[in-house]
Structures are given as C-alpha cells and as structure tokens.
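For reference, the structure discussed in these notes is given below.
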Amino acid sequence: MRSFAYHRASGVASAIQLGSTDETRFLAGGTNLVDLMKCNVERPATLVDVTALPGLDQVDVGPARIRIGSLARMSTVADHPDLKATAPAVSESLWRAASAQIRNMATMGGNLLQRTRCPYFRDESGNVSCNKRNPGSGCAALSGVNRNHAVLGGSEFCIATYPGDFATALVAFDGLIHVRGRDSRVVKANDFFRSPGSTPHIENDLTVGEFITAIELPVTQSLRASHYLKVRDRSSYEFAAASAAAGLELEKDGRTIKDARIALGGVGTKPWRVRVVEAELIGKPCTEDVIRRAANHGAEGAHPLPQNAFKVTLIPRVIARALIEAVRLA
Ligand code: SF4
C-alpha cells in the first residue's frame, strides 16, 4: 500500500473543503475502499475520514417516508424493527449482504458505492486489460473468466456486474439519494448508477468533492409487501448470481394487481429495474400463472456469454419466487 495523508473531518463544510481534489477519497467504514487500496486499485493521496460528521447515522422510519443517514451501519439498518415491518425487502437485502463483521462496520453510503468484484479489475499486478481500471486498455473478461459477469447493460468496453444488494431494493422502490458537495442535490437511485457505455470508469453520478448524506424511500404498499431473494453459490458471504427485489400492491378486491415493483441484482452492470415485467403484471389477476408468465420477460435484452448464460435462465425464476413471497404480504 502506498503512503497517504489522513484527515478527520469535524463537519460537513470541512469535509467538502478537504475532499475537493480528484486525489482524495472519503473514508467511512472502509470495508471496500481499504480493500481496493491494498490491491492498488485505489491510490488516493489523501483520505478524509467522515465518520465523525454529526447526525448522519440516524434512521427515521415515518408513515410516508424512510430516511437513512449515510453513516448508519448496515447491521443497524437491517435490524431496525420499524424498517423490517415497513420495508422487508430493504432489511432482507442488507441481511443477505457480506458477513456479520462487514455489516457491523460498513456504512449505508459506502454500501451504495462499492465497486465491482470483477477479478481483472481487482488484479494486484494491475497489468491486465481493464477499461474500468485503466481506460482504453481493453476488457479481459470478454474473452476470459466471466461466469459472474453481467448479462444486462454491458457494452464492448465492460460487462462488470454491480455487486450490491441494497441498491437493488432502492431502485425497485424509487429510492432517492441525497448528495452534498458545494451544493445539495437529490438524485433518483435509478439515475445515480451508470451503465458502462464507453466510460466504465464512471460508475455513478457523484462528482469530485461530493458525498452521500442520506438515502430516502417513499413508503408505499408495495414496499410493505416486499421481498428480497438472493441466489448465490453459497449461503453466506457471497455475491448474488442473481437476485430480485419485488413488491406488490393489490386492488381492494384482493386479487387484482394494482402495483408491482421489481429490480434485479447480480445480473446487470447496475441495479436493474425490470419495468416490462411490472407492466405485464399491473391490472392482471394475482395468480402464480400470471406471475410466471410475466417473469419470463425479465431477461429480455440480455447478452449472455457462454459462462454466464445460466443467468438468463435464472432471472425469470428469481423474479417469480420473489413475487410469490411478496404476495403473502400483499
Ligand atoms: Fe475491467 Fe469491466 Fe472488463 Fe472487468 S468487465 S475486466 S471491470 S472492463
């Protein structure tokens, strides 16, 4: 690891001032950033520790909205009793992420900003072709090991999967991300994450000097009747092969689907909202047959490679299973 300067910000204003150069990174839980510094992917000249910023670790679950401070720990949010009742898919997405030790340390803002697990991106030598790490160098995964890579949203420049679980739930339920820099702004979670296109090194909407202060979710009936399903190679401490955050609201007749929300994780270059499936469900009777037929549209537009083609089969199954679980709460 290279040497770097360390500053501890005492307030938002000082954090913004200290973090205003491209060579600076904000440090919160450090569970991803320090890893990436150890394998030379991240090489900041300066770290600005934001963990002492006051008030950013609060979780507020109200009747109309949920507000989660960016410095709240994953485990705190996952186990928040009001959040578990109001947003089961959000709690489940956090419980199924990482390990207990990491959930105790990692923050919610940092969770959103975690970077891909593509082995070429994280290669310690740094001598492999990776457009995300070294723009213009190529993509070793296209002809190499790509079993865990994306089938949705990729480009000829990058097919790395976005690895997070919580962001999948956030995108499904129209979450908002509050950002502070020289100005304050609010970004839709669905717009915050970027597809790689020809610039895979640009992964999200943050610009230099900006950091996340809070995450917000509108409370809806679909969120109350929601489920997060994660399919992976082992039952703990593993990233998703495919996952789905799903929620349903029924009409007063108790059988017609009024609203449906579905987003996928583990299969896209960003958390992947599947509106085509939502549209197939709304207005239809809430039966298993209807759900399975709609779920079959979930992999439309996929571009699989031989090693990750199994995800195309998996996608309709995780969507259907997540929705069937959500029906129990609707
Ligand atoms: Fe790099 Fe993306 Fe290719 Fe992986 S998939 S080697 S992160 S460019």
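Give the stretch 29-41 a look and list any residue that's open to solvent by 20 Å² or more (accessible area, probe 1.4 Å) and in a loop (DSSP other than H, G, I, E, B), or say none.
THR31, ASN32, ASN40, VAL41
I need a count of the residues in the stretch 265-306 that are closer than 27 Å to GLU203 by Cα and either within 24 Å of the chain's Cα centre (by Cα) or among the small types (Gly, Ala, Ser) (or both).
23
Right, VAL48: buried (at least 18 other Cβ atoms within 10 Å of the Cβ), farther than 30 Å from THR86 by Cβ and not polar (S, T, N, Q) or not?
yes
Read through the list (1) more than 10 Å from the ligand (Cβ to nearest atom); (2) open to solvent by 10 Å² or more (accessible area, probe 1.4 Å); (3) within 23 Å of HIS303 (Cα to Cα), then give the number of the only condition that GLN101 fails.
(3)
Which one of these is at pLDDT 95 or above and at positive phi: GLY110, GLY138?
Result: GLY138 is the single residue among GLY110, GLY138 that is at pLDDT 95 or above and at positive phi.
So, ARG317, is that one out of contact with any strand residue (DSSP E or B) (no Cβ under 7 Å at 6 or more places or on another chain), among the basic types (Lys, Arg) and either surrounded by fewer than 16 Cβ atoms within 10 Å (Cβ to Cβ) or in the same structural domain as ALA9 (by TED's automatic domain parsing) (or both) or not?
no
Please go through the stretch 182-207 and pick out each residue that is in a helix (DSSP H, G or I) and either surrounded by 15 or more Cβ atoms within 10 Å (Cβ to Cβ) or among the β-branched types (Val, Ile, Thr) (or both).
ALA189, ASN190, PHE192
So which of GLU210, GLU156 is closer than 28 Å to VAL231 by Cα, open to solvent by 10 Å² or more (accessible area, probe 1.4 Å) and of a type in the set (D, E, K, R)?
Exactly one of GLU210, GLU156 is closer than 28 Å to VAL231 by Cα, open to solvent by 10 Å² or more (accessible area, probe 1.4 Å) and of a type in the set (D, E, K, R), namely GLU156.
So ALA64 fits all but one of (1) farther than 22 Å from PHE239 by Cα; (2) hydrophobic (A, V, I, L, M, F, W, C); (3) crowded, with 20+ Cβ neighbours inside 10 Å; what number is the exception?
Among (1) farther than 22 Å from PHE239 by Cα; (2) hydrophobic (A, V, I, L, M, F, W, C); (3) crowded, with 20+ Cβ neighbours inside 10 Å, the lone unmet condition for ALA64 is (3).
Any idea which of VAL179, VAL277 is in a strand (DSSP E or B) and open to solvent by less than 70 Å² (accessible area, probe 1.4 Å)?
The conditions single out VAL179.
Return the total of residues in the stretch 107-141 being under 30 Å from GLY55 (Cβ atoms) and either within 9 Å of the ligand (Cβ to nearest atom) or not hydroxyl-bearing (Ser, Thr, Tyr) (or both).
Final tally of qualifying residues: 8.
Residue check: is SER137 more than 17 Å from LEU112 (Cα to Cα), over 18 Å from the mean Cα position of the chain (by Cα), free of Cβ contacts under 8 Å to residues at least 24 places away in the same chain and open to solvent by 10 Å² or more (accessible area, probe 1.4 Å)?
yes
From SER222, SER198, SER226, grab the single residue that is within 16 Å of the ligand (Cβ to nearest atom) and touching a residue at least 24 places away in the same chain (Cβ under 8 Å).
Unique residue meeting the criteria: SER198.
Select from the stretch 253-269 the residues that are crowded, with 24+ Cβ neighbours inside 10 Å and of a type outside the set (Gly, Ala, Ser) and list them in ascending order.
Across the stretch 253-269, the qualifying residues are ILE257, ARG261, ILE262, LEU264, VAL267, THR269.
The values are calculated or read from the model by the stated rules, or taken from the named source; none is laboratory data. Worth saying up front: this structure is predicted, and the values here are computed from it rather than measured. Here the Cβ is made from the backbone with ideal geometry for all residues, glycine too, and neighbour counts use every protein chain on show. All accessible areas refer to the heavy atoms of the entire protein, side chains included, with ligands and DNA or RNA removed. Shrake-Rupley method; radii C 1.70, N 1.55, O 1.52, S 1.80 Å.
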